[in-house]
Amino acid sequence: MQRERAVRPGDRLLLVVDYAEMRAGLEALLKAAMRDEGHVRVLLLARHAGDWWDRLGAGTASVRDAVAEAARGLTPLGSDLDSELAVEAVVWRAVPFFAARLGVPAPDAGDLAVTAAGELRVLDLHSAALVAVLQSCESSTELPRMGAHSVLEMLLAHERHYWRGQAEAAGLLDGRDRLSMRQLSQVVAAACLLGARTARELSRRIPGVEVTEAVALWLRELYPSGEDGVPGMLRPDRLAELHVTRSLAFEPDLALACLTGLDAAQARRALVFLARASASYPAARTLLEVSLSQFPEAVSGLSESRDVMIAVADAIPYPSPALAPAHAAIATRILATYRPEDPGRVPWLNTFGVLAGDLGRREEALTAIEEAITSSRLSAEAEPDAFLPDLAMLLNNQSNQLLGLERREEALAAVKEAVTIRRALARTQPAAFLPRLAGSLNNAASCLSALGQREEALAAVEEALTIRRALARTWPAAFLPGVAMSLNNLASCLSALGQREEALAAVEEAVTTYRTLARTRPDAFLPDLALSLNNLASCLSGLEQREEALTAIEEALTIRRALAYTRRNTEPPEPGPVTGRPASRHGGRRPQQRLDPARGAGHHRRSCHRP
């Protein structure tokens, strides 16, 4: 271990701050550095210069001046790897350093080949170098060929060997209170995820295990942090992410214990950890998704790097009334990380707009979407093939917000432009754009109906239904829900025109379709079935078939009572007759930066999807 030397007055010091965008107290650090009359230099490393950088620039005078000067020399870092440098060369340049650090001979360069499969990061390649050195210490045979994804697996196996050796030395694997290696592995996972400080905290997170002070001491000695005996972290981060994700994914009881009953700091730590891990491990994404509803306050207050916040936002289910405010809040924070001219801001303006509209904040929603449209128009003029689809999506969303604000003529104009764009795109790319054209036609029907243009509304709905029927013949699972939705909308238009028998036939087909869908996916389609039954009752009542109407509305009420009892996070559809105002619901696709309510928008339902 190297001895630390105190910094003497007059020494020159370089402070390197990694993940600067995530560091609390950064302004205080810079103020202190400014007082040292040039003897201290600070190097800030961050993934992006966003809101955190702007906040520093608005700080106290000394920090503000330093940031203004530094802004003239911001240095974008290049890619992790030199494209002309072979993967093996990166590994073998690092091997001698790891060998010297461990005090062992460096293996020969010809003993290990590293494959270039998958995303390559310098961290992965340096991990491969460490594994090569460790493997050479244990075997004289030729080392195996390693891919970038297998390196961390091999490194984790070496780490487990280290855990066992330390546990045996501490007497944790024998005696009356002995623990298995599986249980000790769970202790490491819980500590990495939550930063548990005491044996008592750890005991709450490991099912069926009482973590003794001896085990807590073993953990602190494995990974000392230097902070009052608090356990440190398994390093590198990606190794900890692999271990925690695997442990929780294969141990449901452990996952439940570690992801429930958390305080605010633990909840934030767990969400950030799983968000980072989800970039590499699908199981971490699943764990993140199931955790979000437990901690809406942690989501709302999250202020991390852009990548982390996007991972969290993408994992939030849509729609989720319980998480809707948190979803909008984190979308706002993500927006703040972009500069006004950054094109990456556009999809998040759209996402925030749809979410704000869902929360009834329609003026805010419209402002955000109109800003996105302005930027998208400029992009579409330069590159129409790339940006016209996005412009059509934004116009649909603008139309929805305008209609919600009773600005019906403007709403119709916006959706008509979207229909025109998508009709042209569908001529050359029907598979991609016919479904979206049907959605825009549904939105157009809503606007036309609101303006009393019933014949035109009927024509738009009929065209949407024709498109969706054709698509459903080939892909029924994907497009039958749209058929049922359009049938409901058709019934509304026909009823408004006094064509009650035809309206009844349409809504009966919608009920039949939703019954079929609800048998296999009740959570997704029981609300739609209840809505169609409500519309069916209205049609039957209008035709004086009152007993049948009563039967239909009673079934709808039974379904809605059950949903209200069992699905606290689902907002039931608004009841209303076929000829009434639209009942606004949103489909179950995640926004993932883009929301386009056009796919299913109509007189009774609006749904969101990623185009």
Indicate the gyration tensor shape class of the range 358-491 (rounded, prolate or oblate), computed on the Cα atoms with a ≥ b ≥ c the square roots of the eigenvalues: a/c under 1.5 is rounded; otherwise a/b larger than b/c is prolate and the rest oblate. oblate
Return the long-range amide H neighbours of VAL40 (sequence gap of 5 or more, or a different chain), with a cut-off of under 5 Å between placed amide H atoms. LEU13
Dipole moment magnitude, nearest 20 debye, the range 406-520 about Cα centre, only Lys, Arg, Asp, Glu C-beta charged: 500 debye
Taking the dipole of the range 316-599 about the Cα centre (Lys, Arg +1; Asp, Glu -1; charges at Cβ), the one of ALA431, SER486, PRO384 that reaches farthest to the positive side is ALA431
Suppose each label sits 7 Å from its Cα in the direction of the beta carbon; what would the GLU153-TRP475 distance come out to in nanometres? 3.3 nm
Suppose every K and R has +1 on its Cβ and every D and E has -1 on its Cβ; what is the size of the dipole of the range 398-440 about the Cα centre, in Debye to the nearest 20? 240 debye
With θ set to phi - 60°, apply the Karplus curve 6.51 cos²θ - 1.76 cosθ + 1.60 along the range 295-303 and write out the HN-Hα couplings as whole Hz, x wherever there is a Gly or Pro. 9, x, 5, 5, 5, 4, x, 5, 9
Report the GluC sites (Glu not before Pro) located in the range 199-286 that are in a DSSP loop and have at most 14 other Cβ atoms inside 10 Å of their Cβ, or state none. GLU210, GLU227
Obtain the nm distance between the two label points defined at GLU502 and ALA28 by a simple spin-label model: each point lies 7 Å from its Cα along the Cα-to-C-beta direction. 7.3 nm
At a 10 angstrom cut-off on C-beta neighbours, averaged per residue, how do the peptides 312-321, 374-383, 392-401, 264-273 rank from highest to lowest? 392-401, 312-321, 264-273, 374-383
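Each value in this text was obtained by applying a stated rule to the coordinates, not by laboratory testing. None of the values given here were measured: they were computed from a predicted structure. Cβ atoms come from the backbone with ideal geometry, glycine included; neighbour counts cover every protein chain shown.
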